[in-house]
Amino acid sequence: MKKLLIVVLLVVCATGVYAKKKTPRQTDREYWCEQAYRMAQPVLENMAKGELRKNMKTEFSPSFDKRDRRVVYMETFGRLMAGVAPWIALPDDGTAEGARRKQLREWALAAYRNAVDPQSPDYLCWGVAGQNLVDAAYIAESFLRAYDRLWMPLDDVTKQRYIEEFTKLRKIDPPYTNWFLFSSVIESFMAKAGAPYDEFRVNTACRKVEEWYVGDGWYADGPVFAFDYYSSYVFHAMYLETLQAMVDAKANTRLDYARYHARALKRAQKFSIILELFISPEGTFPVVGRSTPYRLAAMQPLALMAWYGKLPEELTNGQVRAALTQVMHRMFDHQNNYNDGGYLTIGFCGSQPETADWYTNNGSLYMTSLAFMPLGLPESHPFWADEAQPWTQVKAWGGQPFPKDHRWGDDIQTKDKW
(Lines give C-alpha, C1' and ligand atoms only; values in the text may rest on other atoms or scores of the structure.)
Protein backbone atom coordinates (compact mmCIF):
# COMPACT_ATOMS: atom_id res chain seq x y z
CA MET A 1 0.00 0.00 0.00
CA LYS A 2 2.86 2.34 0.91
CA LYS A 3 4.60 1.61 -2.42
CA LEU A 4 1.38 2.28 -4.32
CA LEU A 5 0.99 5.64 -2.54
CA ILE A 6 4.53 6.62 -3.45
CA VAL A 7 3.93 5.73 -7.10
CA VAL A 8 0.71 7.73 -7.18
CA LEU A 9 2.46 10.76 -5.64
CA LEU A 10 5.28 10.51 -8.17
CA VAL A 11 2.80 10.38 -11.04
CA VAL A 12 0.88 13.37 -9.69
CA CYS A 13 4.08 15.37 -9.22
CA ALA A 14 5.37 14.44 -12.66
CA THR A 15 2.03 15.36 -14.22
CA GLY A 16 2.09 18.70 -12.42
CA VAL A 17 5.62 19.46 -13.59
CA TYR A 18 4.75 18.43 -17.15
CA ALA A 19 1.62 20.57 -17.11
CA LYS A 20 3.61 23.49 -15.77
CA LYS A 21 6.17 23.13 -18.52
CA LYS A 22 3.47 22.97 -21.16
CA THR A 23 1.68 26.11 -19.95
CA PRO A 24 2.43 28.73 -22.62
CA ARG A 25 4.16 31.85 -21.41
CA GLN A 26 2.26 35.10 -21.99
CA THR A 27 3.88 37.04 -24.80
CA ASP A 28 4.64 40.74 -24.58
CA ARG A 29 1.84 41.46 -27.04
CA GLU A 30 -0.65 39.42 -25.04
CA TYR A 31 0.31 41.37 -21.94
CA TRP A 32 -0.10 44.72 -23.72
CA CYS A 33 -3.49 43.64 -25.10
CA GLU A 34 -4.62 42.56 -21.65
CA GLN A 35 -3.72 45.94 -20.19
CA ALA A 36 -5.28 47.91 -23.06
CA TYR A 37 -8.52 45.93 -22.95
CA ARG A 38 -8.82 46.30 -19.18
CA MET A 39 -8.44 50.05 -19.57
CA ALA A 40 -10.83 50.45 -22.50
CA GLN A 41 -13.65 47.97 -21.83
CA PRO A 42 -15.51 49.76 -18.98
CA VAL A 43 -15.39 53.08 -20.83
CA LEU A 44 -16.44 51.93 -24.29
CA GLU A 45 -18.97 49.31 -23.28
CA ASN A 46 -20.81 51.79 -21.07
CA MET A 47 -20.61 54.69 -23.51
CA ALA A 48 -21.85 52.50 -26.38
CA LYS A 49 -25.00 51.95 -24.29
CA GLY A 50 -25.25 55.61 -23.29
CA GLU A 51 -24.40 54.70 -19.71
CA LEU A 52 -20.91 56.10 -19.09
CA ARG A 53 -22.18 59.13 -17.18
CA LYS A 54 -24.49 56.85 -15.21
CA ASN A 55 -21.92 54.19 -14.27
CA MET A 56 -18.43 55.74 -14.25
CA LYS A 57 -16.95 56.13 -10.80
CA THR A 58 -15.30 59.52 -11.06
CA GLU A 59 -12.54 61.15 -9.04
CA PHE A 60 -11.40 64.77 -8.94
CA SER A 61 -8.30 66.51 -7.69
CA PRO A 62 -8.58 67.82 -4.11
CA SER A 63 -7.78 71.24 -5.62
CA PHE A 64 -10.01 70.92 -8.72
CA ASP A 65 -11.08 74.31 -10.06
CA LYS A 66 -14.59 75.61 -10.72
CA ARG A 67 -15.02 74.32 -14.28
CA ASP A 68 -18.00 72.13 -15.16
CA ARG A 69 -17.23 68.67 -13.79
CA ARG A 70 -18.90 67.00 -16.76
CA VAL A 71 -15.61 67.49 -18.60
CA VAL A 72 -14.50 64.21 -16.96
CA TYR A 73 -16.45 62.16 -19.52
CA MET A 74 -15.06 63.99 -22.53
CA GLU A 75 -11.54 63.64 -21.17
CA THR A 76 -12.03 59.93 -20.57
CA PHE A 77 -13.40 59.17 -24.02
CA GLY A 78 -11.16 61.43 -26.11
CA ARG A 79 -7.89 60.48 -24.48
CA LEU A 80 -8.65 56.77 -24.41
CA MET A 81 -9.59 56.73 -28.09
CA ALA A 82 -6.42 58.57 -29.10
CA GLY A 83 -4.42 55.73 -27.56
CA VAL A 84 -6.38 52.65 -28.64
CA ALA A 85 -7.38 53.84 -32.13
CA PRO A 86 -4.37 52.28 -33.90
CA TRP A 87 -5.00 48.92 -32.23
CA ILE A 88 -8.72 48.60 -32.85
CA ALA A 89 -8.21 49.76 -36.45
CA LEU A 90 -6.32 46.56 -37.33
CA PRO A 91 -8.19 44.18 -39.67
CA ASP A 92 -10.43 41.55 -38.10
CA ASP A 93 -9.09 38.04 -37.75
CA GLY A 94 -10.02 34.79 -36.03
CA THR A 95 -7.82 35.24 -32.97
CA ALA A 96 -8.92 35.93 -29.41
CA GLU A 97 -7.20 39.31 -29.67
CA GLY A 98 -9.05 40.00 -32.92
CA ALA A 99 -12.38 39.28 -31.25
CA ARG A 100 -11.59 41.78 -28.50
CA ARG A 101 -10.46 44.40 -31.02
CA LYS A 102 -13.64 43.97 -33.03
CA GLN A 103 -15.79 44.31 -29.93
CA LEU A 104 -13.96 47.43 -28.82
CA ARG A 105 -14.29 48.95 -32.29
CA GLU A 106 -18.03 48.28 -32.40
CA TRP A 107 -18.44 49.87 -28.98
CA ALA A 108 -16.24 52.80 -30.03
CA LEU A 109 -18.30 53.53 -33.15
CA ALA A 110 -21.49 53.53 -31.08
CA ALA A 111 -19.77 55.74 -28.48
CA TYR A 112 -18.65 58.22 -31.18
CA ARG A 113 -22.29 58.54 -32.25
CA ASN A 114 -23.53 59.05 -28.69
CA ALA A 115 -20.84 61.66 -28.04
CA VAL A 116 -22.47 64.12 -30.48
CA ASP A 117 -26.11 63.03 -30.27
CA PRO A 118 -28.03 65.59 -28.15
CA GLN A 119 -30.61 62.89 -27.37
CA SER A 120 -28.03 60.53 -25.85
CA PRO A 121 -27.41 60.50 -22.08
CA ASP A 122 -23.71 60.42 -23.01
CA TYR A 123 -23.78 63.48 -25.26
CA LEU A 124 -20.53 65.18 -24.31
CA CYS A 125 -20.43 68.63 -22.75
CA TRP A 126 -19.32 70.44 -25.90
CA GLY A 127 -18.63 74.13 -25.37
CA VAL A 128 -19.19 74.41 -21.62
CA ALA A 129 -15.52 74.99 -20.73
CA GLY A 130 -12.21 75.88 -22.32
CA GLN A 131 -11.16 72.35 -21.42
CA ASN A 132 -13.39 71.10 -24.26
CA LEU A 133 -10.80 72.33 -26.76
CA VAL A 134 -8.24 69.94 -25.30
CA ASP A 135 -10.31 66.81 -25.40
CA ALA A 136 -12.02 67.55 -28.68
CA ALA A 137 -8.46 67.57 -30.04
CA TYR A 138 -7.89 64.05 -28.71
CA ILE A 139 -11.09 62.91 -30.41
CA ALA A 140 -9.89 64.50 -33.66
CA GLU A 141 -6.51 62.86 -33.12
CA SER A 142 -8.18 59.46 -32.77
CA PHE A 143 -9.86 60.02 -36.15
CA LEU A 144 -6.49 60.93 -37.70
CA ARG A 145 -4.90 57.78 -36.24
CA ALA A 146 -7.59 55.49 -37.65
CA TYR A 147 -9.25 57.57 -40.36
CA ASP A 148 -10.51 54.73 -42.54
CA ARG A 149 -11.74 52.54 -39.67
CA LEU A 150 -13.16 55.04 -37.21
CA TRP A 151 -14.07 58.20 -39.15
CA MET A 152 -15.18 56.87 -42.53
CA PRO A 153 -17.70 54.30 -41.18
CA LEU A 154 -19.64 56.96 -39.27
CA ASP A 155 -22.98 57.97 -40.75
CA ASP A 156 -23.32 61.37 -42.43
CA VAL A 157 -25.40 62.87 -39.62
CA THR A 158 -22.76 61.98 -37.02
CA LYS A 159 -19.95 63.31 -39.21
CA GLN A 160 -21.76 66.60 -39.69
CA ARG A 161 -22.37 66.88 -35.96
CA TYR A 162 -18.62 66.52 -35.31
CA ILE A 163 -17.80 69.17 -37.88
CA GLU A 164 -20.31 71.52 -36.26
CA GLU A 165 -19.03 70.87 -32.73
CA PHE A 166 -15.39 71.28 -33.80
CA THR A 167 -16.22 74.53 -35.59
CA LYS A 168 -17.93 76.01 -32.53
CA LEU A 169 -14.75 75.52 -30.51
CA ARG A 170 -13.12 78.40 -32.40
CA LYS A 171 -14.71 80.70 -29.83
CA ILE A 172 -12.18 79.37 -27.28
CA ASP A 173 -9.02 81.48 -27.03
CA PRO A 174 -6.25 79.00 -26.15
CA PRO A 175 -3.58 79.88 -23.57
CA TYR A 176 -0.15 80.78 -24.97
CA THR A 177 1.11 77.22 -24.50
CA ASN A 178 0.81 73.72 -25.99
CA TRP A 179 -2.93 74.48 -26.32
CA PHE A 180 -2.22 76.04 -29.72
CA LEU A 181 -1.74 72.47 -30.97
CA PHE A 182 -5.19 71.43 -29.79
CA SER A 183 -6.63 74.00 -32.20
CA SER A 184 -4.31 72.93 -35.01
CA VAL A 185 -5.13 69.23 -34.68
CA ILE A 186 -8.85 69.95 -34.90
CA GLU A 187 -8.49 72.31 -37.85
CA SER A 188 -6.08 70.05 -39.74
CA PHE A 189 -8.44 67.12 -39.23
CA MET A 190 -11.25 69.16 -40.75
CA ALA A 191 -8.98 70.02 -43.68
CA LYS A 192 -8.32 66.32 -44.23
CA ALA A 193 -12.04 65.55 -43.95
CA GLY A 194 -12.85 68.17 -46.62
CA ALA A 195 -14.60 70.56 -44.23
CA PRO A 196 -13.94 74.32 -43.97
CA TYR A 197 -10.93 74.93 -41.72
CA ASP A 198 -9.12 77.87 -40.17
CA GLU A 199 -5.75 78.16 -41.89
CA PHE A 200 -4.59 80.85 -39.46
CA ARG A 201 -5.06 78.57 -36.43
CA VAL A 202 -3.03 75.84 -38.10
CA ASN A 203 -0.18 78.03 -39.30
CA THR A 204 0.04 80.08 -36.11
CA ALA A 205 0.42 76.88 -34.09
CA CYS A 206 3.19 75.71 -36.42
CA ARG A 207 5.04 79.01 -36.19
CA LYS A 208 4.79 79.14 -32.40
CA VAL A 209 5.96 75.54 -32.00
CA GLU A 210 9.00 76.40 -34.12
CA GLU A 211 9.71 79.40 -31.90
CA TRP A 212 9.41 77.22 -28.80
CA TYR A 213 11.82 74.52 -29.98
CA VAL A 214 14.84 74.64 -27.66
CA GLY A 215 16.97 71.90 -29.24
CA ASP A 216 17.87 68.23 -28.90
CA GLY A 217 14.23 67.16 -29.22
CA TRP A 218 12.82 69.41 -26.49
CA TYR A 219 10.05 71.99 -26.79
CA ALA A 220 9.28 74.71 -24.28
CA ASP A 221 5.63 74.83 -23.26
CA GLY A 222 5.25 78.42 -24.34
CA PRO A 223 7.92 81.14 -24.14
CA VAL A 224 9.56 79.69 -21.00
CA PHE A 225 11.09 76.21 -20.78
CA ALA A 226 9.99 73.86 -17.99
CA PHE A 227 11.54 70.46 -17.39
CA ASP A 228 8.47 68.26 -17.69
CA TYR A 229 6.90 65.80 -20.12
CA TYR A 230 4.81 68.16 -22.24
CA SER A 231 7.10 67.45 -25.17
CA SER A 232 5.77 63.91 -24.74
CA TYR A 233 2.19 64.60 -23.79
CA VAL A 234 1.42 67.03 -26.61
CA PHE A 235 4.15 68.57 -28.74
CA HIS A 236 5.76 65.82 -30.79
CA ALA A 237 2.66 63.82 -31.61
CA MET A 238 0.21 66.65 -32.25
CA TYR A 239 2.71 68.70 -34.25
CA LEU A 240 3.53 65.76 -36.53
CA GLU A 241 -0.16 64.91 -36.91
CA THR A 242 -1.11 68.49 -37.72
CA LEU A 243 1.54 68.63 -40.43
CA GLN A 244 0.69 65.21 -41.87
CA ALA A 245 -3.02 66.01 -42.00
CA MET A 246 -2.28 69.19 -43.93
CA VAL A 247 -0.14 67.21 -46.35
CA ASP A 248 -2.95 64.66 -46.74
CA ALA A 249 -5.41 67.49 -47.36
CA LYS A 250 -3.10 68.88 -50.08
CA ALA A 251 -3.45 72.26 -48.42
CA ASN A 252 -1.67 75.05 -50.27
CA THR A 253 -0.64 77.77 -47.84
CA ARG A 254 2.53 79.72 -47.08
CA LEU A 255 3.97 76.78 -45.13
CA ASP A 256 5.69 73.81 -46.74
CA TYR A 257 4.09 71.21 -44.48
CA ALA A 258 6.11 68.32 -45.90
CA ARG A 259 9.45 69.95 -45.04
CA TYR A 260 8.18 70.98 -41.62
CA HIS A 261 7.08 67.38 -41.06
CA ALA A 262 10.46 65.94 -42.10
CA ARG A 263 12.22 68.21 -39.59
CA ALA A 264 9.71 67.53 -36.80
CA LEU A 265 10.09 63.79 -37.38
CA LYS A 266 13.85 63.98 -36.82
CA ARG A 267 13.29 65.91 -33.61
CA ALA A 268 10.81 63.26 -32.44
CA GLN A 269 13.35 60.55 -33.21
CA LYS A 270 15.93 62.33 -31.10
CA PHE A 271 13.45 62.75 -28.27
CA SER A 272 12.56 59.05 -28.45
CA ILE A 273 16.24 58.29 -27.85
CA ILE A 274 16.14 60.48 -24.74
CA LEU A 275 13.02 58.72 -23.46
CA GLU A 276 14.61 55.31 -23.96
CA LEU A 277 17.64 56.54 -22.03
CA PHE A 278 15.34 57.51 -19.15
CA ILE A 279 14.14 53.92 -18.63
CA SER A 280 16.10 52.28 -15.81
CA PRO A 281 17.02 48.57 -15.75
CA GLU A 282 14.10 48.08 -13.35
CA GLY A 283 11.59 49.71 -15.72
CA THR A 284 11.22 53.02 -13.89
CA PHE A 285 11.70 56.50 -15.33
CA PRO A 286 12.10 59.93 -13.69
CA VAL A 287 8.92 61.37 -12.24
CA VAL A 288 9.28 65.11 -12.92
CA GLY A 289 7.12 68.13 -13.62
CA ARG A 290 3.37 68.53 -13.61
CA SER A 291 0.71 66.12 -14.88
CA THR A 292 2.56 63.04 -13.63
CA PRO A 293 -0.74 61.10 -13.23
CA TYR A 294 -0.73 60.79 -17.03
CA ARG A 295 1.56 57.86 -16.32
CA LEU A 296 2.76 56.14 -19.53
CA ALA A 297 1.90 59.17 -21.69
CA ALA A 298 5.44 60.29 -20.88
CA MET A 299 6.56 57.59 -23.33
CA GLN A 300 4.22 58.65 -26.17
CA PRO A 301 6.89 59.80 -28.69
CA LEU A 302 8.82 56.53 -28.28
CA ALA A 303 5.60 54.57 -28.86
CA LEU A 304 4.69 56.82 -31.79
CA MET A 305 8.01 56.29 -33.55
CA ALA A 306 7.63 52.54 -33.08
CA TRP A 307 4.10 52.59 -34.53
CA TYR A 308 5.23 54.75 -37.46
CA GLY A 309 8.08 52.32 -38.12
CA LYS A 310 10.43 55.31 -37.76
CA LEU A 311 12.59 54.40 -34.78
CA PRO A 312 16.04 56.00 -35.15
CA GLU A 313 18.88 53.66 -36.07
CA GLU A 314 20.18 53.94 -32.50
CA LEU A 315 17.14 52.00 -31.22
CA THR A 316 16.02 48.49 -32.19
CA ASN A 317 12.47 47.20 -32.09
CA GLY A 318 13.50 44.49 -29.62
CA GLN A 319 15.01 46.88 -27.10
CA VAL A 320 12.16 49.40 -27.27
CA ARG A 321 9.51 46.71 -26.83
CA ALA A 322 11.43 45.18 -23.93
CA ALA A 323 11.90 48.55 -22.25
CA LEU A 324 8.27 49.64 -22.59
CA THR A 325 7.03 46.23 -21.48
CA GLN A 326 9.16 46.41 -18.35
CA VAL A 327 7.76 49.87 -17.58
CA MET A 328 4.22 48.51 -17.90
CA HIS A 329 5.00 45.59 -15.60
CA ARG A 330 6.56 47.93 -13.06
CA MET A 331 3.55 50.25 -13.15
CA PHE A 332 0.61 47.87 -13.46
CA ASP A 333 1.73 44.66 -11.74
CA HIS A 334 2.75 46.01 -8.36
CA GLN A 335 0.11 48.64 -7.58
CA ASN A 336 -3.63 48.88 -8.19
CA ASN A 337 -4.22 51.71 -10.66
CA TYR A 338 -8.00 51.21 -10.85
CA ASN A 339 -10.85 52.07 -8.53
CA ASP A 340 -13.51 49.54 -7.57
CA GLY A 341 -15.60 50.59 -10.58
CA GLY A 342 -12.83 49.53 -12.97
CA TYR A 343 -11.74 53.07 -13.92
CA LEU A 344 -8.29 54.59 -13.58
CA THR A 345 -7.59 56.25 -10.27
CA ILE A 346 -5.54 59.39 -9.68
CA GLY A 347 -1.88 58.61 -9.14
CA PHE A 348 1.31 57.71 -10.97
CA CYS A 349 1.86 54.15 -9.78
CA GLY A 350 -1.23 53.24 -7.78
CA SER A 351 -3.67 55.53 -5.99
CA GLN A 352 -1.79 58.73 -5.12
CA PRO A 353 -4.34 61.59 -5.06
CA GLU A 354 -1.72 64.03 -3.80
CA THR A 355 -0.07 63.90 -7.25
CA ALA A 356 -3.09 65.64 -8.83
CA ASP A 357 -2.93 69.14 -10.25
CA TRP A 358 -5.83 71.59 -10.07
CA TYR A 359 -7.10 70.41 -13.48
CA THR A 360 -6.80 66.66 -12.85
CA ASN A 361 -9.69 64.23 -12.79
CA ASN A 362 -9.58 60.53 -13.45
CA GLY A 363 -10.71 61.08 -17.03
CA SER A 364 -7.45 62.99 -17.56
CA LEU A 365 -5.50 59.85 -16.78
CA TYR A 366 -6.58 57.98 -19.89
CA MET A 367 -3.70 59.70 -21.64
CA THR A 368 -1.69 56.72 -20.39
CA SER A 369 -3.25 54.80 -23.29
CA LEU A 370 -1.06 56.81 -25.69
CA ALA A 371 1.84 54.45 -25.00
CA PHE A 372 -0.16 51.54 -26.46
CA MET A 373 0.04 52.74 -30.08
CA PRO A 374 2.47 49.96 -31.16
CA LEU A 375 -0.47 47.55 -30.77
CA GLY A 376 -1.52 49.04 -34.10
CA LEU A 377 1.33 47.06 -35.67
CA PRO A 378 0.45 43.48 -36.68
CA GLU A 379 1.85 40.61 -34.64
CA SER A 380 4.23 39.76 -37.48
CA HIS A 381 5.88 43.21 -37.39
CA PRO A 382 9.49 43.25 -36.10
CA PHE A 383 8.38 45.31 -33.09
CA TRP A 384 6.57 42.19 -31.85
CA ALA A 385 8.42 39.41 -33.68
CA ASP A 386 12.03 40.38 -32.89
CA GLU A 387 13.74 38.95 -29.86
CA ALA A 388 13.77 41.13 -26.76
CA GLN A 389 17.04 42.98 -26.34
CA PRO A 390 18.57 44.90 -23.44
CA TRP A 391 17.87 48.61 -23.52
CA THR A 392 20.54 51.25 -22.97
CA GLN A 393 20.47 51.50 -19.17
CA VAL A 394 20.52 47.70 -18.83
CA LYS A 395 23.70 47.68 -20.89
CA ALA A 396 25.25 50.66 -19.12
CA TRP A 397 24.60 49.39 -15.59
CA GLY A 398 25.45 45.83 -16.57
CA GLY A 399 28.97 46.54 -17.71
CA GLN A 400 28.13 46.04 -21.39
CA PRO A 401 29.04 48.31 -24.31
CA PHE A 402 26.37 50.96 -24.91
CA PRO A 403 26.00 53.77 -27.44
CA LYS A 404 27.07 57.28 -26.58
CA ASP A 405 24.44 60.00 -26.76
CA HIS A 406 25.08 63.17 -28.72
CA ARG A 407 23.35 66.39 -29.64
CA TRP A 408 21.18 66.45 -32.76
CA GLY A 409 20.99 69.72 -34.66
CA ASP A 410 18.36 70.59 -37.27
CA ASP A 411 19.57 69.97 -40.82
CA ILE A 412 16.33 70.88 -42.59
CA GLN A 413 15.54 74.55 -43.10
CA THR A 414 12.16 76.04 -44.00
CA LYS A 415 10.92 79.35 -45.31
CA ASP A 416 7.53 80.64 -46.39
CA LYS A 417 6.63 79.69 -49.96
CA TRP A 418 5.58 83.28 -50.68
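The values are calculated or read from the model by the stated rules, or taken from the named source; none is laboratory data. Nothing here was measured: the structure is a model prediction, and the numbers come from that model. Every residue, glycine as well, gets a Cβ built from its backbone with ideal geometry; the counts of neighbours run over all protein chains shown. These accessible areas exclude ligands, DNA and RNA; they are computed on the full protein's heavy atoms, side chains included. Shrake-Rupley method; radii C 1.70, N 1.55, O 1.52, S 1.80 Å.
Data for the structure
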{"quantity": "Cα centroid separation, the stretch 286-315 to the stretch 244-278 (Å)", "calculated": "16 Å"}
{"quantity": "Length released on extending from A385 to V287, taking residue separation times 0.36 nm less the Cα-Cα span", "calculated": "32.2 nm"}
{"quantity": "Label zone at W358 (point 7 Å along Cα-to-Cβ), backbone N below 16 Å, the stretch 122-136", "calculated": "130-131"}
{"quantity": "Stretchable slack from E211 to Y176, in nm (0.36 nm times residue separation minus alpha-carbon distance)", "calculated": "11.4 nm"}
{"quantity": "Cβ crowding within 10 Å averaged over residues, with 237-244, 351-358, 410-417, 310-317 ranked highest first", "calculated": "237-244, 310-317, 351-358, 410-417"}
{"quantity": "Cα-Cα pairs of the stretch 147-196 separated by more than 14 Å (percent)", "calculated": "55 percent"}
{"quantity": "The chain - percent relative contact order, Cα under 8 Å, separation 6 or more", "calculated": "23 percent"}
{"quantity": "Cα long-axis angle, helix 199-211 against the chain (0 to 90 degrees, to the nearest 10)", "calculated": "70 degrees"}
{"quantity": "Interchain or long-range residues, amide H under 5 Å from Y338's placed H", "calculated": "T345"}
{"quantity": "Ratio Rg/Rh [Cα only; Rh per Kirkwood] for the stretch 212-325", "calculated": "0.98"}
{"quantity": "Given charges at beta-carbon only (K, R positive; D, E negative), |dipole| of the stretch 165-257 in Debye", "calculated": "340 debye"}
{"quantity": "Computed E for D256/T95 - FRET, C-beta separation, R0 60 angstrom, nearest 0.05", "calculated": "0.90"}
{"quantity": "Surface per residue (accessible, 1.4 Å probe) for the chain, Å²", "calculated": "43 Å²"}
{"quantity": "The chain: most fluctuating residue of L169, L304, L181 per GNM, C-alpha cutoff 10 Å", "calculated": "L169"}
{"quantity": "Ranked packing of 54-61, 37-44, 282-289, most packed first, by mean Cβ within 10 Å", "calculated": "37-44, 54-61, 282-289"}
{"quantity": "Chain lengthening between K404 and E34 when straightened (0.36 nm per residue, less Cα-Cα)", "calculated": "129.7 nm"}
{"quantity": "Reduced Cα scattering model of the stretch 60-102, Debye log10 I(q)/I(0), q = 0.32 Å⁻¹", "calculated": "-1.05"}
{"quantity": "Reciprocal mean inverse distance between Cα atoms of the stretch 161-252 - Kirkwood radius, Å", "calculated": "13.4 Å"}
{"quantity": "Sites T167 and Q119 - FRET efficiency at Förster radius 22 Å, r taken between beta-carbons, to 0.05", "calculated": "0.60"}
{"quantity": "Relative contact order of the stretch 311-374, defined on C-alpha pairs under 8 angstrom at six or more residues apart (%)", "calculated": "19 percent"}
{"quantity": "With Cα atoms, 0 to 90° folded angle of helix 257-278 axis to the chain main axis", "calculated": "40 degrees"}
{"quantity": "Calculated on alpha-carbon atoms, Rg and Dmax of the stretch 82-138 in Å", "calculated": "14.1, 43"}
{"quantity": "Cα extents of the chain along the three principal axes, largest first (Å)", "calculated": "94, 56, 43"}
{"quantity": "Note, ³J(HN,Hα) from phi for the stretch 376-386, Karplus 6.51, -1.76, 1.60, rounded to Hz, x at Gly and Pro", "calculated": "x, 8, x, 4, 7, 5, x, 4, 9, 7, 5"}
{"quantity": "Unit charges at the beta carbon, dipole of the chain: most positive-side option, A96, G409, L243", "calculated": "A96"}
{"quantity": "Portion, in percent, of the accessible area of the chain that falls on carbon or sulfur, probe 1.4 Å", "calculated": "54 percent"}
{"quantity": "Relative contact order (percent, whole number), the stretch 55-192, Cα cutoff 8 Å, 6+ residue spacing", "calculated": "29 percent"}
{"quantity": "Unit charges on C-beta of K, R, D, E only; dipole of the chain, Debye", "calculated": "720 debye"}
